[in-house]
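Just below is one structure, and these are the notes that go with it.
The values are calculated or read from the model by the stated rules, or taken from the named source; none is laboratory data. Computed from a predicted structure; not experimentally measured. Cβ placement follows ideal geometry from the backbone for every residue including glycine, while neighbour counts extend to all protein chains displayed.
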Amino acid sequence: MINLNADRKMYIFVTAGIYVMGGMQTYVAAKSKYLRENNWTVKVIYVGYNKGKTRFKELNRYTDGGVIELTLPPFKHIKNVVHKTLYRIDSIIGDYSRYETIIIESHDDKTSQWGELIAKRISAKHIVVPLNECYRGKKVYYEDMIDYYLFKFQRKELVGLETLQKLFKGYKIIEKKDMIDFLFDEDPVQEDENFYISSSKKYDYTICYIGRCSKPYVPNIIRDIIKFASDHTDKLIRFVVVGDTSQVKEFLDVDACNNLDLFKLGELVPIPRQLFSVIDVIIAGSGCARSSVAEGCLCIVADPESCQSIGLLGYETKSSVYWDGVSPKTSFSDALERTLIKESYKDQEFEYPIITVEEATMQNFDVIMKSAQNQEYYDERKLIGNRILPDFLSYFKFFLINHFPRLVSLYLDRRNA
């Protein structure tokens, strides 16, 4: 039985890399800070290796938690490597025997399979919270272990809404009554007295994109903003981008549009609250969309599957990630037309829950308490498998990173310069 009031309690995140600027990292940073300030010992085990400071002040506490072998699920390794990796994770966690309550939260296919092995090893409660956008495809390993996820689902230790339908597609029909909501608040917005952006009246509209520019819908967003500007040449439009634009060639096309000015703000951690006061509409998905409406901004949601707009959050849709099958799925230019020109949202009531990190975490604990309370874990022999030959290319990379991390970092920095 989980005791959330125990004097000694530990919360372990097994998650993707902490050096990426994304929703998963923002969420872990916010939740780990709240837990730490409320008497939990927090550990973060992540895919990768220690590259020094992260973009998140809170995550700098956990840079020693990198495990490069988590790049692959356990069954892709030979048994000897799996056991050596688990021993190394033991050293990251430390003496767990003195904790009465230990909870593990994992976030994707690879980390959730490792998370179950870790949980059995230290007698922890393990909750799987899939935060991927894709559940099928190359180097995606949900289908390979579908029986494991069915096991976690039956124990109510696998949570999510539309994500569960996508995870079990072709294997199990997930009814709405079987879905388990797991609330999030990434808390990425803060006051920043050193931040300044002009509220110049010369612009008729300011449109902002917030998020990783590697998202598949970003080229469509750029093209559709250019189209919207081209359709309204009597308007002067400012296009503000919060994110790393260096790898997206479509941004170069903005220069050809005479009534569209591009402002690249780069990656902002935290996102300054002052930014939202000069924005007319934001285009974003997932956590960035939720944070935008929490700041009182209009937000068009970008769907990672169709790479289209799925409506104005809180007005046309209540989904911040995937299309609900009901809201208008259109081009981003059409969504901008409805929002900025026709202002169709003004005839509707805003409906979307705004929550705090504390409220989300308390709801998360309710979910955990409603899951199976007996200790039972999936068969580790099935998770580990019987691989005889290693993936030599991957192992060579692991060897270099584990033994020469500074050299690898220098090489990657030079390559990406």
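Within the range 273-322, restricting attention to residues that are acidic (Asp, Glu) and in contact with a strand residue (DSSP E or B) (Cβ under 7 Å, 6 or more places away or on another chain), which residue is nearest to Tyr209 (Cα to Cα)?
Quick first cut of the range 273-322, residues acidic (Asp, Glu) only: 280, 295, 303, 305, 316.
Filter again for in contact with a strand residue (DSSP E or B) (Cβ under 7 Å, 6 or more places away or on another chain), leaving 280, 295, 303.
Working: Asp280: 11, Glu295: 15, Asp303: 14 Å.
Here the answer is Asp280.
Return the only residue of Ser344, Ser320, Ser333, Ser327 being buried (at least 18 other Cβ atoms within 10 Å of the Cβ), without any contact (Cβ under 8 Å) to a residue 60 or more places away in the chain and over 18 Å from Ala294 (Cα atoms).
Details: Ser344 fails: buried (at least 18 other Cβ atoms within 10 Å of the Cβ); Ser320 fails: over 18 Å from Ala294 (Cα atoms); Ser333 fails: without any contact (Cβ under 8 Å) to a residue 60 or more places away in the chain.
Within the list Ser344, Ser320, Ser333, Ser327, the selection yields Ser327.
Looking only at the range 110-146, how many residues end up being without any contact (Cβ under 8 Å) to a residue 40 or more places away in the chain and within 21 Å of Lys31 (Cα to Cα)?
First pass over the range 110-146, keeping only residues without any contact (Cβ under 8 Å) to a residue 40 or more places away in the chain: 121-122, 128, 130, 132, 135-140, 142-143, 146.
Narrowing further to those that are within 21 Å of Lys31 (Cα to Cα): 128, 130, 132.
Of the residues in that region, 3 qualify.
List every residue pair whose Cβ atoms lie under 7 Å apart, where the two residues are 6 or more positions apart in sequence or sit on different chains, the first residue falls within the range 354-375 and is over 15 Å from Ser291 (Cβ atoms) and among the charged types (D, E, K, R), and the second residue, located anywhere, is at pLDDT 90 or above and surrounded by 15 or more Cβ atoms within 10 Å (Cβ to Cβ).
Filtered contacts from the range 354-375: Glu358/Tyr34; Lys370/Lys156.
Quick one: which of Arg98, Arg8 is touching a residue at least 12 places away in the same chain (Cβ under 8 Å), in contact with a Phe, Trp or Tyr (Cβ under 7 Å, 6 or more places away or on another chain), surrounded by fewer than 17 Cβ atoms within 10 Å (Cβ to Cβ) and basic (Lys, Arg)?
Values: Arg98 fails: in contact with a Phe, Trp or Tyr (Cβ under 7 Å, 6 or more places away or on another chain).
When all the criteria are applied, what remains is Arg8.
Of the numbered conditions (1) in the same structural domain as Gly285 (by TED's automatic domain parsing); (2) surrounded by fewer than 16 Cβ atoms within 10 Å (Cβ to Cβ); (3) farther than 22 Å from Pro219 by Cβ, Gly314 fails exactly one; give the number of that condition.
(2)
Out of Leu265, Leu298, Leu236, which single residue is within 20 Å of Lys342 (Cβ to Cβ) and touching a Gly at 6+ places or on another chain (Cβ under 9 Å)?
Working: Leu265 fails: within 20 Å of Lys342 (Cβ to Cβ); Leu236 fails: touching a Gly at 6+ places or on another chain (Cβ under 9 Å).
Unique residue meeting the criteria: Leu298.
Restricting to the range 218-269, count the residues that are among the acidic types (Asp, Glu), surrounded by fewer than 17 Cβ atoms within 10 Å (Cβ to Cβ) and touching a strand residue (DSSP E or B) at 6+ places or on another chain (Cβ under 7 Å).
At the first step, the residues of the range 218-269 found to be among the acidic types (Asp, Glu) are 224, 231, 234, 244, 250, 253, 255, 261, 267.
Add one more test, that the residue is surrounded by fewer than 17 Cβ atoms within 10 Å (Cβ to Cβ), and what stays is 231, 234, 244, 250, 253, 255, 267.
Subsequent filtering for residues that are touching a strand residue (DSSP E or B) at 6+ places or on another chain (Cβ under 7 Å) retains 244, 267.
Residues in the range 218-269 being among the acidic types (Asp, Glu), surrounded by fewer than 17 Cβ atoms within 10 Å (Cβ to Cβ) and touching a strand residue (DSSP E or B) at 6+ places or on another chain (Cβ under 7 Å): 2 in total.
Would you call Lys43 surrounded by 18 or more Cβ atoms within 10 Å (Cβ to Cβ) and part of a helix (DSSP H, G or I)? Don't jump to the end; show me each part of the working.
Numbers: surrounded by 18 or more Cβ atoms within 10 Å (Cβ to Cβ): yes; part of a helix (DSSP H, G or I): no.
Judged against the criteria, Lys43 is not a match.
Residues that are of a type in the set (Val, Ile, Thr) and assigned to a helix (DSSP H, G or I): does the range 300-322 have at least one?
First, pick out the residues of the range 300-322 that are of a type in the set (Val, Ile, Thr): 300-301, 310, 317, 321.
The next check asks that each one be assigned to a helix (DSSP H, G or I); those that pass are none.
No, the range 300-322 contains no residue that is of a type in the set (Val, Ile, Thr) and assigned to a helix (DSSP H, G or I).
When the range 120-146 is examined, which residues are found to be under 14 Å from Ile384 (Cβ atoms) and not in a loop (DSSP other than H, G, I, E, B)? Walk me through it before giving the result.
Looking only at the range 120-146, we keep the residues that are under 14 Å from Ile384 (Cβ atoms), and these are 120-121, 141, 144-145.
Correct list: Lys120, Arg121, Asp144, Met145.
Got at least one residue in the range 250-264 being in the same structural domain as Pro219 (by TED's automatic domain parsing), within 28 Å of Tyr135 (Cβ to Cβ) and over 23 Å from the mean Cα position of the chain (by Cα)? So that I can check it myself, show each step before the final result.
Going residue by residue through the range 250-264, those that are in the same structural domain as Pro219 (by TED's automatic domain parsing) are 250-264.
From the residues that got through so far, the ones that are within 28 Å of Tyr135 (Cβ to Cβ) too are 250.
Next, from what is left, pick out any that are over 23 Å from the mean Cα position of the chain (by Cα): 250.
Yes, the range 250-264 contains at least one residue that is in the same structural domain as Pro219 (by TED's automatic domain parsing), within 28 Å of Tyr135 (Cβ to Cβ) and over 23 Å from the mean Cα position of the chain (by Cα).
Give me a count of the residues in the range 127-138 that are among the charged types (D, E, K, R) and out of contact with any Lys or Arg (no Cβ under 9 Å at 6 or more places or on another chain).
Initially, the range 127-138 is screened for residues among the charged types (D, E, K, R), giving 133, 136, 138.
Now narrow it down to the ones that are out of contact with any Lys or Arg (no Cβ under 9 Å at 6 or more places or on another chain): 138.
Selection size over the range 127-138: 1.
All but one of (1) basic (Lys, Arg); (2) surrounded by fewer than 22 Cβ atoms within 10 Å (Cβ to Cβ); (3) within 27 Å of Arg387 (Cα to Cα) hold for Lys110, so report the exception by its number.
Among (1) basic (Lys, Arg); (2) surrounded by fewer than 22 Cβ atoms within 10 Å (Cβ to Cβ); (3) within 27 Å of Arg387 (Cα to Cα), Lys110 violates only (2).
Taking the criterion of being aromatic (Phe, Trp, Tyr) and at pLDDT 95 or above, would at least one residue in the range 63-76 satisfy it? Quick ask: steps written out before the conclusion?
First, pick out the residues of the range 63-76 that are aromatic (Phe, Trp, Tyr): 75.
Now restrict to residues that are at pLDDT 95 or above: none.
No: zero hits.
So Glu376 clears everything in (1) at pLDDT 95 or above; (2) more than 28 Å from Lys166 (Cα to Cα); (3) not assigned by TED's automatic domain parsing to the domain that holds Gly211 except one condition, right? Which one?
Just one mismatch for Glu376, condition (2).
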